[in-house]
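No value in this document is a laboratory result; all are computed from the given coordinates. On a predicted model such as this, the values are computed, not experimentally measured, just so you know. Glycine also receives a Cβ, built like all others from the backbone with ideal geometry; neighbour counts cover every protein chain displayed.
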Amino acid sequence: MKRRIFRFLDGLLFLCIIIMCHFPSQCIRRLFYGVLRLKVGRKSVIYYGSQITHPWMVSIGHSSVIGQQAMIDGRSGVRIGNNVNISTGVWVWTMEHDHRDPMFGVKGGPVVIDDFAWVSCRATILPNVWIGKGAVVCAGAVVTHDVPEYSIVAGVPARTIGERTKDLRYCLSDDPPLPFI
């Protein structure tokens with residue numbers, strides 16, 4: 001009986017997250033996530049339609065952006081640094097099924113995305129991955145291993161294709177926010 005009650009409450013929470021991530025007010029979405037203990041830094045923006053599961057296991061630094069339709073799976077913990085751009089449609093997973101397990105069990109671990117990193121549209125970050133400071137994950141890449149600082153990775157699976165400048169001085173909150181984001 002306890003298991004059924006837990007599953008019901010977990011499903012109810014998931015439904016609330018789905019509804020609230022589509023609510024057309026940044027302020028109300030932030031308030032809702034705050035109640036669920038999501039840590040969001042000053043001037044960070046979570047755009048309309050972005051879904052963050054288990055928000056109490058997620059922290060987002062200052063002046064970071066979570067783009068539309070992004071999916072952040074917080075089950076094993078996610079830490080996003082300052083001035084990080086998570087673009088539209090990015091998936092960040094902290095758990096996955098173990099294809100080697102005869103019972104098809106799950107495995108996972110935390111994801112860390114350091115300051116000034118840019119994860120471009122439709123990229124996928126898998127569990128136990130660290131994205132280094134200033135690193136760039138190109139559009140559509142699937143990141144299965146750590147990404148060194150200031151490197152640029154692309155492909156499936158993601159491989160290093162270049163290096164980014166180390167002189168990064170921008171602040172993502174310099175632009176005024178758009179209405180109803």
key: Estimated dipole of the stretch 53-110 in Debye, rounded to 20 [Cβ of Lys and Arg +1, of Asp and Glu -1, Cα centre]   = 120
key: Reach of Lys166 by Cα under 27 Å, taken over lysines that are not fewer than 8 positions away in the same chain   = Lys43, Lys133
ask   = For the chain, what is the mean residue ellipticity at 222 nm derived from helices alone (per DSSP H run of n ≥ 4: -39500 (n - 2.57); sum divided by total residues; nearest 500 deg cm²/dmol)?
value = -5500 deg cm²/dmol
request  = Can you tell me the equivalent ellipsoid semi-axes for the chain? Use √(5λ) from the Cα gyration tensor, largest first, whole Å.
outcome  = 26, 23, 12
query = For Lys107, which aspartates and glutamates qualify as cross-link partners when the Cα separation must be under 18 Å and same-chain residues fewer than eight apart are set aside?
reply = Asp73, Glu96, Asp98, Asp146
remark   = per DSSP, antiparallel bridges as share of beta bridges in the stretch 58-181, % nearest 5, sits at 25
note = the stretch 1-105: relative contact order from alpha carbon pairs under 8 Å, six or more residues apart, as a whole percent, is 19
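Going by how many other beta carbons lie within 10 Å of each one, how would you line up Met1, Met71, fewest first?
Fewest-to-most Cβ neighbours within 10 Å comes out as Met1, Met71.
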Simple Cβ-charge dipole of the chain, Lys/Arg +1 and Asp/Glu -1, about Cα centre, in debye nearest 20 = 620
note = In nm, the gap between the two label points placed 7 Å beyond Cα toward Cβ at Asn128 and Arg169 is 4.1
note = Rounded to the nearest Å, the spacing of the alpha-carbon centers of the stretch 1-59 and the stretch 70-112 is 16
request  = Summarise the long-distance tail of P(r) for the stretch 31-82 by giving the % of C-alpha pairs beyond 16 Å.
outcome  = 32
